[in-house]
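Taken together, the values in this text are just the output of simple stated rules run on the coordinates, not laboratory data. The structure displayed is predicted, hence computed values, not measured ones. Cβ placement follows ideal geometry from the backbone for every residue including glycine, while neighbour counts extend to all protein chains displayed.
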Amino acid sequence: MKIKTKLRLGFGFLFIIVLSFGLIALFYLNELSDKSKVILKDNYKSLKYVSSMRNVLDENRFPLSVQSKNTFGLNLKNEGNNLTEPGEKVAFLKLSELYKAFLSSKSAQESENTVKVLRAELQNIENLNMNAIYRKNELANEASGRANLYIMIAATLSFLILFTFIVNFPGFVANPLAEFSAAIRQISRKNYKQRLHFENDDEFTELADAFNGMVVKLNEWENSNLSKIKSEKSRIEAIIAQMQDAIIGLNEKGEVLFLNHLAAKLMSLDEDKIIGQNVSELIKKNELLKRIIKPETEDKTLKIYADDKESYFLLESREIVIPNYEEQEEKILIESSKSAGSVYVLKNITQFKELDEAKTNFIATVSHELKTPLSSIKMSLKLLNDERVGAMNEEQSQLVNHIKEDSDRLLKITSELLDLSQAETGNLKLTFAITKPLEIVQYALDAVKFQAEQKSINLELNCDENLPDVNADIQKTAWVLVNFLSNALRYSSEKSKVVIDVFQKDKFIQFSVQDYGKGIDEKYQKRLFDRYFQVPTDGQNKSGSGLGLAISKDFIEAEQGKIWVVSAIGEGSKFCFTLPIVG
């Protein structure tokens with residue numbers, strides 16, 4: 001029997017039970033209603049007529065008025081037409097004779113006697129109807145009790161039948177589904193020996209046959225691919241274990257999939273125990289793992305004590321993305337991607353860090369050693385320019401000036417290299433002092449005033465004298481401004497202008513230097529503050545060492561400020577930095 005047929009029969013049976021109960025209840029309710037109507041229909045009218053006739057006798061004196069006679073006669077006639085109880089007809093006839101005798105009475109005394117008898121007969125008719133009402137009420141109560149009993153019996157039987165149906169009938173559908181659910185759970189555990197057997201000729205039997213066929217195919221596929229998958233897994237694990245970098249992999253749920261021996265050693269973890277554990281719980285107890293999974297800064301370099309020394313590692317993270325095919329309503333497969341986890345790699349860069357420090361120390365040493373002979377050269381050049389030593393011809397003067405320019409340039413590069421080496425080694429020394437922003441700007445303007453006059457460039461300053469103070473190294477901050485101004489003057493045409501703006505923005509003082517030269521291409525702007533980077537020139541302007549802006553960035557960031565550039569080709573460049581205000 002098909003499932004659809006079973007459902008139809010089951011719900012049809014429920015309909016018959018509910019309909020039967022409703023018909024039984026309706027039958028007894030109608031019977032009870034009929035009994036009640038009998039009580040209210042006839043006897044109530046008789047009581048009403050008797051009450052009206054008694055009121056006529058009570059409210060009027062003999063002889064009766066014409067209206068009173070009509071009222072009494074009308075109610076008497078109506079009572080004669082509503083004789084429903086045994087003995088009521090005899091009482092009515094007697095009442096009629098007494099009323100006639102009352103009407104024919106000749107004296108008040110005689111009429112009073114007749115009225116007493118009339119009242120007694122009216123009371124008799126009233127008692128007959130009252131007794132009938134009581135009797136019929138008893139019959140109605142008996143009918144109501146029977147109706148309640150039969151309805152209760154029908155309700156109990158219906159409840160038992162429906163309860164039995166509700167308990168047993170869902171099993172026709174639920175039991176096979178439960179078997180299917182249990183079988184699917186076994187398949188998910190790779191128990192491909194699971195089979196389903198149904199003897200009924202319905203859809204579940206067909207579905208069970210299809211399920212058994214699917215399990216056979218899955219078992220064949222598992223046996224054919226399992227050894228290959230295990231071999232590839234072992235090979236990948238061996239490769240990861242032999243890598244010289246520390247590696248840890250997580251799945252999309254944040255559980256540890258793998259980590260090699262080096263990673264376990266660095267983080268002091270047992271690689272066998274933490275596989276499968278959630279990393280959100282592990283980072284609560286392991287600070288290094290927390291720095292790897294949830295870094296607090298953008299700096300990817302980690303300093304870790306390893307191999308009995310401080311070692312440096314570069315953190316790289318990659319999200320594992322796999323194809324994901326989704327079937328839409330139009331039955332079209334749409335290819336997308338989804339995350340399958342993340343891989344974190346710690347590359348040991350200790351050797352490169354040591355080489356970088358050696359390079360920095362070498363530059364610092366060489367720069368320091370060069371400053372002494374350069375200073376002697378400058379002193380000798382100054383003496384040569386002194387006429388007391390002796391006059392020089394024009395060619396000699398030009399040669400001396402060229403030597404002076406080159407020595408100044410070499411001395412500037414040497415100073416920049418020394419500042420750079422201090423920043424790289426973390427030995428940058430700043431002398432903080434509370435000062436007004438205008439003093440810093442004025443210090444820088446005095447330093448480039450002569451250079452601006454040589455090119456007839458107007459230095460336009462926009463600065464409020466009442467700006468809040470800043471806590472900064474005056475000389476190094478002024479050096480940054482001098483560097484901005486020197487670059488602006490170098491790339492500005494003659495008789496142009498350079499604008500210096502100083503104003504308060506939130507809790508910072510912003511310094512900016514705007515020139516109206518050629519501007520800087522956008523592709524070079526992100527690298528302007530990198531060390532040794534120089535924007536390509538057309539040969540008309542001498543380029544520096546590529547260290548000025550990098551050192552400026554180190555100075556400003558050491559003072560808790562920010563530095564940036566805004567530029568566009570043909571519109572000039574605007575170099576800016578901020579310093580926090582005091583208080």
Using alpha carbon positions and the Kirkwood radius, the Rg to Rh ratio of segment 3-168 is 1.37
Listed peptides 376-383, 277-284, 514-521, 548-555 by packing density, highest first (mean Cβ within 10 Å): 548-555, 514-521, 277-284, 376-383
Greater than 27 Å apart at Cα, pairs in LYS294/LYS507; LYS476/LYS507; LYS382/LYS574; LYS404/LYS553: LYS294/LYS507; LYS382/LYS574; LYS404/LYS553
For the cross-link pairs LYS285/LYS347; LYS69/LYS106; LYS290/LYS523; LYS265/LYS300, which exceed 27 Å when the distance is taken from alpha carbon to alpha carbon? LYS290/LYS523
So, by mean Cβ neighbours within 10 angstrom, what's the order for 205-218, 475-488 with the highest one leading? 475-488, 205-218
Net charge around LYS562, counting only other residues with Cβ within less than 13 Å of its Cβ (Lys, Arg = +1; Asp, Glu = -1)? -1
